[in-house]
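**Student:** First, the structure itself, so that you have it in front of you.
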Amino acid sequence: MEEINILFSAAGRRVSLIRHFKKVLNDLGLRGRVISADINLLAPASYITDEKVLIPKCTNENYIETLIDICKTQRVSLLTSLIDTDLILLSENRDKFERVGTKLLISSVETNEICFNKINTAKFFKTHNVSSPCTYSLDEALNFDQEKYPVLLKPFDGSSGVGVTKINNKEELIFFAKYIKNAMIQEYLEGEEYTVDVYVDFKGKIRCAVPRKRLEIRGGEVSKGVTVKDKLIMKAACDAVSKLPGTIGCITIQCFKTKDNQIKFIEINPRFGGGFPLSLHAKADFPKWILQELVFGECNATMDDWLDDLAMLRYDEEIIVNGDQIK
């Protein structure tokens, strides 16, 4: 059997995810390597991969050609990205990668366009009757009576929680609207916040959904969470994801469960989220299923054969290298 080489664009801090992909290769008896590609040598996860390569920023005109060259020389079987910023670009160039024998674990252009722009996401939810918070224009919000506050102000193209601001009155809205670029305004939701990891197989069939209740957030990513086998959330998440065109792999969808048990979806990321290791430790083995499908054509994924009430308490871990390795 030929080598199964996996390339991660923007490996970043995803140490546990990448480490598990390496483990799965070994567990399945597959020969192969895990390769990281990043814009500098400071990505911690790149020091646990079998090989690391430097690439330009995705805004560089040579970004795609550089990745294609890497895929050819490294005989890459599967390429995926762990950040939002290059997903549309990669999906637009899918055919170029397939011509050199590399499969993209990247959803369709249309889905990435829906998910990257939160205004598009809100329109998608509304068009497909997916329960979600109301979205307002700045003029509409400025005419609100005080009883309509608080509202939420956030960049429509933001990531990792940057710029997300609770607005308590008109004065705060006027102030923050000047400084938060590309801002949109939404109904402020209260209740329990969940992230659901949804696995979509290579044929587009939804095979698993793992709700994770967010107990504590740091830097836009969950630092403490717990799995909750909530059938209502699982069904709602699967229904919402099923309406997206051309999805594949891990789709991360966020929602609130309000005090009156309404489920309202707020965001979708068509990639592995930062909190995915909790689902992985709960035995929802997305990496194994991905490699099973890639190599054998099918996987043994199940909808709810994972551990309920498993908690993750996150902490920082150091990777120590010689200084000359990061220059």
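**Student:** Name the single residue, out of those in segment 146-176 being hydrophobic (A, V, I, L, M, F, W, C) and touching a strand residue (DSSP E or B) at 6+ places or on another chain (Cβ under 6 Å), that is farthest from Arg218 (Cα to Cα).
**Tutor:** Leu173
**Student:** I need the full set of residues from segment 124-160 which are in contact (Cβ under 8 Å) with a residue 60 or more places away in the chain and either open to solvent by 40 Å² or more (accessible area, probe 1.4 Å) or assigned to a loop (DSSP other than H, G, I, E, B) (or both), in order please. Working first, answer last.
**Tutor:** Within segment 124-160, the subset in contact (Cβ under 8 Å) with a residue 60 or more places away in the chain is 124-125, 128, 130-133, 159-160.
Correct list: His128, Val130, Ser131, Ser132, Pro133, Ser159, Ser160.
**Student:** Of all residues being in contact (Cβ under 8 Å) with a residue 24 or more places away in the chain and open to solvent by 40 Å² or more (accessible area, probe 1.4 Å) in segment 198-214, which is nearest to the chain's Cα centre (by Cα)? Just the residue, please.
**Tutor:** My answer is Arg214.
**Student:** Could you list all residues from segment 60-84 that are over 27 Å from Arg31 (Cα atoms), surrounded by 15 or more Cβ atoms within 10 Å (Cβ to Cβ) and without any contact (Cβ under 8 Å) to a residue 40 or more places away in the chain?
**Tutor:** Hit for segment 60-84 is Tyr63, nothing else.
**Student:** Let me ask something else about it. Say we look at segment 274-327 and pick out the residues that are among the aliphatic types (A, V, I, L, M) and assigned to a helix (DSSP H, G or I); which of these is nearest to Ala10 (Cα to Cα)?
**Tutor:** Ranking the candidates gives Ile326 first.
**Student:** Check whether at least one residue in segment 309-317 is at pLDDT 95 or above and crowded, with 21+ Cβ neighbours inside 10 Å, and report yes or no.
**Tutor:** no
**Student:** Still on this model: Which of the residues belonging to segment 219-265 are over 19 Å from Asp304 (Cα atoms) and without any contact (Cβ under 8 Å) to a residue 60 or more places away in the chain?
**Tutor:** Result: Gly219, Asp260, Asn261.
**Student:** Hey, another quick one. Can you name the residue in segment 246-263 that is open to solvent by 30 Å² or more (accessible area, probe 1.4 Å) and out of contact with any Asp or Glu (no Cβ under 7 Å at 6 or more places or on another chain) and is also nearest to Pro133 (Cα to Cα) among such residues?
**Tutor:** Among them, the one singled out is Gln262.
**Student:** If the requirement is being more than 27 Å from Asp86 (Cα to Cα), open to solvent by less than 50 Å² (accessible area, probe 1.4 Å) and either touching a strand residue (DSSP E or B) at 6+ places or on another chain (Cβ under 8 Å) or free of Cβ contacts under 8 Å to residues at least 12 places away in the same chain (or both), which of these qualifies: Ala284, Ala301?
**Tutor:** Matching residue, one of Ala284, Ala301: Ala301.
**Student:** Say we look at segment 4-28 and pick out the residues that are open to solvent by 50 Å² or more (accessible area, probe 1.4 Å), charged (D, E, K, R) and farther than 20 Å from Glu298 by Cβ; which of these is nearest to the chain's Cα centre (by Cα)?
**Tutor:** In this case the residue turns out to be Arg13.
**Student:** Here's another thing I want to ask about it. State which residue pairs qualify: first residue farther than 25 Å from Arg314 by Cβ and without any contact (Cβ under 8 Å) to a residue 60 or more places away in the chain and inside segment 5-32, second residue of a type in the set (A, V, I, L, M, F, W, C) and open to solvent by 50 Å² or more (accessible area, probe 1.4 Å) in any location, beta carbons under 7 Å apart, and separation of 6 or more residues or different chains.
**Tutor:** Taking only residues 6 or more apart or on different chains, the pairs are Arg31/Met1.
**Student:** So how many residues does segment 215-240 have that are more than 22 Å from Cys115 (Cα to Cα), open to solvent by 50 Å² or more (accessible area, probe 1.4 Å) and of a type in the set (Val, Ile, Thr)?
**Tutor:** Matching residues across segment 215-240 total 0.
**Student:** When you check Lys243 against the structure, is it within 17 Å of Ser108 (Cβ to Cβ), open to solvent by 20 Å² or more (accessible area, probe 1.4 Å), at pLDDT 95 or above and not small (Gly, Ala, Ser), yes or no?
**Tutor:** yes
**Student:** In this structure, does Asn60 turn out to be assigned to a loop (DSSP other than H, G, I, E, B), over 25 Å from Ile251 (Cα atoms), at pLDDT below 95 and not small (Gly, Ala, Ser)? Even if it seems obvious, please write down each step before you answer.
**Tutor:** Values: assigned to a loop (DSSP other than H, G, I, E, B): yes; over 25 Å from Ile251 (Cα atoms): yes; at pLDDT below 95: no; not small (Gly, Ala, Ser): yes.
No, not satisfied.
**Student:** Moving to a separate point now. Only one residue in Ser46, Ser77 is among the polar types (S, T, N, Q), in a strand (DSSP E or B) and farther than 25 Å from Asp157 by Cβ, so which one is that?
**Tutor:** On the way: Ser46 fails: in a strand (DSSP E or B).
When all the criteria are applied, what remains is Ser77.
**Student:** Consider Ser36 carefully, then state whether it is without any contact (Cβ under 8 Å) to a residue 60 or more places away in the chain, open to solvent by less than 80 Å² (accessible area, probe 1.4 Å) and not hydrophobic (A, V, I, L, M, F, W, C).
**Tutor:** It is true that Ser36 is without any contact (Cβ under 8 Å) to a residue 60 or more places away in the chain, open to solvent by less than 80 Å² (accessible area, probe 1.4 Å) and not hydrophobic (A, V, I, L, M, F, W, C).
**Student:** State whether the residues of segment 157-178 include one that is under 16 Å from the mean Cα position of the chain (by Cα) and among the aromatic types (Phe, Trp, Tyr).
**Tutor:** No, segment 157-178 has no match at all.
The values are calculated or read from the model by the stated rules, or taken from the named source; none is laboratory data. Fair warning: this is a prediction, and the values are worked out from it, not measured in the lab. Here the Cβ is made from the backbone with ideal geometry for all residues, glycine too, and neighbour counts use every protein chain on show. The protein model used for the area step is the full one, side chains on, heavy atoms only, and it has no ligands, DNA or RNA in it. Shrake-Rupley method; radii C 1.70, N 1.55, O 1.52, S 1.80 Å.
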